């Protein structure tokens with residue numbers, strides 16, 4: 001698909017907000033999670049490229065956004081830079097502690113979970129669902145390089161009459177133009193903050209890739225090779 005560099009501050013934006021990252025956040029949140037104004041949205045992996053955009057989209061749509069991230073610096077970035085209402089540091093917490101932390105940050109319960117991590121983070125979120133909640137399953141990065149733990153609190157979907165739905169951005173490729181146009185409007189209005197972590201040199205490809213699993217990138221991970 002041809003791109004027009006004159007339409008964006010940086011051509012790399014076509015790899016972030018106007019690329020698969022932005023479209024995953026846009027269609028995954030709006031069409032899979034079906035948010036309503038006034039609802040509470042819980043985002044795991046919230047400091048990542050997709051998660052940070054989902055939190056901002058939640059605010060644009062009148063929701064309360066709560067993000068889960070690793071470390072004080074990332075949690076501060078969620079509230080201070082991306083506009084999340086609250087942030088939860090998952091580090092050093094077991095499932096029970098995470099469940100309690102989510103309950104404290106979401107006193108009215110959770111209506112939408114946008115899940116990027118899985119494991120105990122997802123299970124803790126499920127324990128805080130409201131009736132008829134929606135869970136959008138975007139990723140399970142905590143389990144990609146370990147023995148699968150599985151979801152242990154699926155019974156909450158029955159009790160809360162909630163639903164869980166997986167999403168792949170490839171399903172929405174024919175509508176990328178629609179999504180990019182709307183994201184562009186919000187970005188131009190100053191309602192979206194775009195972060196890109198750019199490393200240079202093909203020799204750094206492995207280290208750049210591994211940043212995704214260590215969580216040391218800020219925003220969309222991009223490797224510039226020329």
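The values are calculated or read from the model by the stated rules, or taken from the named source; none is laboratory data. Not measured: the values here are computed from a predicted model. Quick reminder, even Gly has a Cβ in these numbers, built from the backbone with ideal geometry, and neighbours come from all protein chains shown.
Taking the conditions exactly as written (under 25 Å from residue 12 (Cα atoms), modelled with pLDDT of 95 or more and not in a helix (DSSP H, G or I)), does residue 83 satisfy them or not?
Answer is yes for this residue.
Anything in the stretch 179-197 that is crowded, with 17+ Cβ neighbours inside 10 Å and part of a loop (DSSP other than H, G, I, E, B)? List them, or say none.
192, 194, 195 - these are the residues of the stretch 179-197 that are crowded, with 17+ Cβ neighbours inside 10 Å and part of a loop (DSSP other than H, G, I, E, B).
Here's a check for you: in the stretch 1-25, which residue that is at pLDDT 75 or above and part of a loop (DSSP other than H, G, I, E, B) is nearest to residue 192 (Cα to Cα)?
17
Given (1) farther than 21 Å from residue 216 by Cβ; (2) surrounded by fewer than 23 Cβ atoms within 10 Å (Cβ to Cβ); (3) in contact with a strand residue (DSSP E or B) (Cβ under 8 Å, 6 or more places away or on another chain), identify the lone condition not met by residue 72.
All conditions are met except number (1).
Inside the stretch 154-170, can you point out the residues that are out of contact with any strand residue (DSSP E or B) (no Cβ under 9 Å at 6 or more places or on another chain) and without any contact (Cβ under 8 Å) to a residue 60 or more places away in the chain?
Within the stretch 154-170, 155, 158, 168, 170 qualify.
Can you tell me how many residues in the stretch 88-110 are assigned to a helix (DSSP H, G or I), without any contact (Cβ under 8 Å) to a residue 60 or more places away in the chain and either more than 15 Å from residue 128 (Cα to Cα) or in contact with a strand residue (DSSP E or B) (Cβ under 7 Å, 6 or more places away or on another chain) (or both)? Lay out the reasoning, then the answer.
So the first thing to find is which residues in the stretch 88-110 are assigned to a helix (DSSP H, G or I), and the list is 95-105.
Among the residues that remain, those that are also without any contact (Cβ under 8 Å) to a residue 60 or more places away in the chain are: 95-101, 103-105.
If we keep only those that are either more than 15 Å from residue 128 (Cα to Cα) or in contact with a strand residue (DSSP E or B) (Cβ under 7 Å, 6 or more places away or on another chain) (or both) as well, we get 101, 105.
Qualifying residue count, the stretch 88-110: 2.
What's the number of the only condition in (1) part of a helix (DSSP H, G or I); (2) surrounded by 12 or more Cβ atoms within 10 Å (Cβ to Cβ) that residue 133 fails to meet?
(1)
Of all residues in the stretch 160-178 being farther than 21 Å from residue 36 by Cα and surrounded by fewer than 16 Cβ atoms within 10 Å (Cβ to Cβ), which is nearest to the chain's Cα centre (by Cα)? If you could, list the steps in order and put the result at the bottom.
Step one: filter the stretch 160-178 for residues farther than 21 Å from residue 36 by Cα, giving 168-177.
Next, from what is left, pick out any that are surrounded by fewer than 16 Cβ atoms within 10 Å (Cβ to Cβ): 168, 170-171, 173-175, 177.
On the way: 168: 14, 170: 17, 171: 18, 173: 19, 174: 22, 175: 20, 177: 21 Å.
Out of the qualifying residues, it is 168.
Quick check on this structure: which one of 66, 54 is farther than 17 Å from residue 219 by Cα, under 15 Å from the mean Cα position of the chain (by Cα) and either in contact (Cβ under 8 Å) with a residue 40 or more places away in the chain or part of a loop (DSSP other than H, G, I, E, B) (or both)?
Only one candidate qualifies: 66.
Sort out which residues of the stretch 203-213 are surrounded by 12 or more Cβ atoms within 10 Å (Cβ to Cβ) and either over 26 Å from residue 82 (Cβ atoms) or over 19 Å from the mean Cα position of the chain (by Cα) (or both), and write them in order of number.
Hits for the stretch 203-213 are 204, 205, 207, 208.
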